[in-house]
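Structure first, then comments.
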Amino acid sequence: MTCLNRRSLWITVFFLFASVLLLFSGCQKNPSQMSISDVGFYFDTVVEIKLNGTEDESILKECFDLMAEYESLLSRTREGSDVWKINHNAGTPVSVSEDTVSLIRLARKYYDLSDGAFDITIAPYVTLWDFQNNPGTIPTKDELTAASKHVGFENVQVSGNTVTLADPETQIDLGGIAKGFIADRLKEYLTKEGIESAWINLGGNVLTIGMKPDKSPWKIGIRKPFGAATETAAVICVSGKSVVTSGTYERYFEKDGTIYHHILEPKTGQPVQNHLYSVTILSDSSADGDALSTTCFVLGKEDGIELVESLDGIEALFITDEQELIYSSGFPHQ
């Protein structure tokens with residue numbers, strides 16, 4: 001039996017093990033081009049931001065201050081966060097920030113769009129599996145059945161800036177959409193500051209601003225599932241786009257020859273088993289990409305592709321457990 005701990009993995013190997021890798025091959029950097037970058041640890045992962053065309057450290061610092069602020073609002077496990085207060089207030093109304101409400105409403109949009117395939121109320125399952133620290137313990141069927149009674153977005157009631165859980169034992173987890181939402185807010189801030197070339201990597205959620213300094217598109221590699229750290233399954237060129245991947249290899253453990261991963265079926269609490277290894281979403285909004293990568297994984301390749309094709313400005317790459325690459329009709333690939 002083997003177990004991967006995501007925190008230790010990221011700290012040990014830096015961000016090269018991210019689902020989406022920025023490829024620097026073929027990039028000829030102009031020595032006179034100003035740029036600054038920094039890394040940090042937020043949202044249980046290593047993050048990096050690189051800004052081109054500026055040496056204003058205050059702009060970069062503000063980005064990391066914003067990430068700290070959002071983590072203090074949206075983390076499920078940080079005591080005192082908006083999410084923590086919602087989950088620990090025994091079903092009584094909780095006043096939260098406008099950003100928290102906006103994110104919950106966006107999550108509801110994808111819950112409705114996917115007929116429940118995307119559901120932030122799976123927190124009781126997440127607690128049972130605890131993939132962050134689990135050495136290989138599989139929740140019992142009875143435990144998952146009991147937890148399922150408290151899963152369902154109908155239990156989340158939003159009125160103005162007040163959130164109420166109709167079932168006191170329901171809990172929410174915004175991990176499937178929060179990083180994308182935060183990346184979008186960072187891009188908004190940087191754009192207001194006049195930044196025309198940048199990339200934001202929040203643990204595999206990559207969001208670009210403009211082009212590289214040499215006016216060529218950013219080259220993004222989609223990691224080959226269970227391959228070497230820098231091994232790619234596909235490469236795409238993007239400008240001003242978001243690239244987000246959800247995959248079985250991100251957080252998992254293996255026991256008795258079976259891989260148990262963190263993408264859970266909301267109806268059962270079991271890891272989704274549909275012969276997919278990963279789903280990558282290309283979109284303008286990183287929040288959309290974040291939610292849809294999980295949604296389409298849960299739906300499976302047929303229903304997932306159908307959903308993507310019905311949405312404007314969204315493209316997808318599905319990688320099966322046989323390493324087959326399945327593209328939506330407009331996904332750019334070489």
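The values are calculated or read from the model by the stated rules, or taken from the named source; none is laboratory data. Keep in mind that what you see is a predicted model, and the values were worked out from it rather than measured. Cβ: placed from backbone, ideal geometry, glycine included. Neighbour counts: every protein chain shown. SASA here: full protein model, heavy atoms, side chains in, ligands and nucleic acids out. Shrake-Rupley method; radii C 1.70, N 1.55, O 1.52, S 1.80 Å.
Could you tell me how many of the residues in the range 113-125 are in contact (Cβ under 8 Å) with a residue 40 or more places away in the chain and either surrounded by fewer than 20 Cβ atoms within 10 Å (Cβ to Cβ) or not aliphatic (A, V, I, L, M) (or both)? Before the answer, list the steps.
In the first step, residues of the range 113-125 are kept if they are in contact (Cβ under 8 Å) with a residue 40 or more places away in the chain; the result is 113-114, 116-125.
Filter once more, so that each one left must be either surrounded by fewer than 20 Cβ atoms within 10 Å (Cβ to Cβ) or not aliphatic (A, V, I, L, M) (or both): 113-114, 116, 118-119, 121, 124-125.
Final tally of qualifying residues: 8.
So that you can scan it fast, the table gives a plain yes or no per residue for (1) out of contact with any strand residue (DSSP E or B) (no Cβ under 8 Å at 6 or more places or on another chain); (2) not polar (S, T, N, Q):
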{"residue": "A123", "(1), (2)": "yes, yes"}
{"residue": "D130", "(1), (2)": "yes, yes"}
{"residue": "N134", "(1), (2)": "no, no"}
{"residue": "S148", "(1), (2)": "yes, no"}
{"residue": "E154", "(1), (2)": "yes, yes"}
{"residue": "D167", "(1), (2)": "yes, yes"}
{"residue": "T170", "(1), (2)": "no, no"}
{"residue": "D184", "(1), (2)": "no, yes"}
Give, as residue ranges, the helices (runs of 4 or more DSSP H) completely inside the range 41-141 that count at least 1 residues that are within 16 Å of the chain's Cα centre (by Cα). 57-74, 98-113, 123-129
How many residues are outside any loop (DSSP other than H, G, I, E, B) and open to solvent by 20 Å² or more (accessible area, probe 1.4 Å) if we restrict to the range 152-171? 7
Identity of the residue in the range 83-101, touching a residue at least 40 places away in the same chain (Cβ under 8 Å) and of a type in the set (D, E, K, R), that ends up surrounded by the most Cβ atoms within 10 Å (Cβ to Cβ): D99
From the options K149, K224, K215, residue that is in contact (Cβ under 8 Å) with a residue 24 or more places away in the chain and open to solvent by 20 Å² or more (accessible area, probe 1.4 Å): K224
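Find the residue count for the range 283-315, including only residues that are aliphatic (A, V, I, L, M) and in contact with a Gly (Cβ under 7 Å, 6 or more places away or on another chain). Spell out the reasoning first.
Our first condition is that a residue be aliphatic (A, V, I, L, M); within the range 283-315, this holds for 287, 291-292, 298-299, 305, 307-308, 311, 314.
Cutting the leftovers down to in contact with a Gly (Cβ under 7 Å, 6 or more places away or on another chain) gives us 287, 291.
The total comes to 2.
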Taking the range 310-334, which residues are surrounded by fewer than 16 Cβ atoms within 10 Å (Cβ to Cβ), within 21 Å of the chain's Cα centre (by Cα) and acidic (D, E)? D312, D321
Look through S242, S283, S278, S293 and report the one residue that is among the polar types (S, T, N, Q), within 19 Å of the chain's Cα centre (by Cα), farther than 18 Å from G330 by Cβ and modelled with pLDDT of 95 or more. S278
Out of L73, L144, L174, sole residue that is farther than 28 Å from S242 by Cα and crowded, with 16+ Cβ neighbours inside 10 Å: L144
I'm trying to understand the selection: among the residues of the range 60-70, which are among the hydrophobic types (A, V, I, L, M, F, W, C), crowded, with 19+ Cβ neighbours inside 10 Å and within 19 Å of G180 (Cβ to Cβ)? C63, M67
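Residue check: is D256 surrounded by fewer than 24 Cβ atoms within 10 Å (Cβ to Cβ) and over 19 Å from the mean Cα position of the chain (by Cα)? Working first, answer last.
Numbers: surrounded by fewer than 24 Cβ atoms within 10 Å (Cβ to Cβ): yes; over 19 Å from the mean Cα position of the chain (by Cα): yes.
Criteria met by D256.
Just give me the residues in the range 185-194 being open to solvent by 10 Å² or more (accessible area, probe 1.4 Å) and under 23 Å from P213 (Cβ atoms), in sequence order. Show your work before the answer.
Within the range 185-194, the first condition is being open to solvent by 10 Å² or more (accessible area, probe 1.4 Å), and the residues that meet it are 185, 187-189, 191-194.
If the condition is that a residue be open to solvent by 10 Å² or more (accessible area, probe 1.4 Å) and under 23 Å from P213 (Cβ atoms), then K187, E188, Y189, T191, K192, E193, G194 are the ones that fit.
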Mind listing whichever residues of the range 102-112 are in contact with a strand residue (DSSP E or B) (Cβ under 9 Å, 6 or more places away or on another chain) and open to solvent by less than 10 Å² (accessible area, probe 1.4 Å)? I104, A107
Any chance E57 is modelled with pLDDT of 85 or more, more than 27 Å from A233 (Cα to Cα) and exposed (fewer than 12 other Cβ atoms within 10 Å of the Cβ): yes
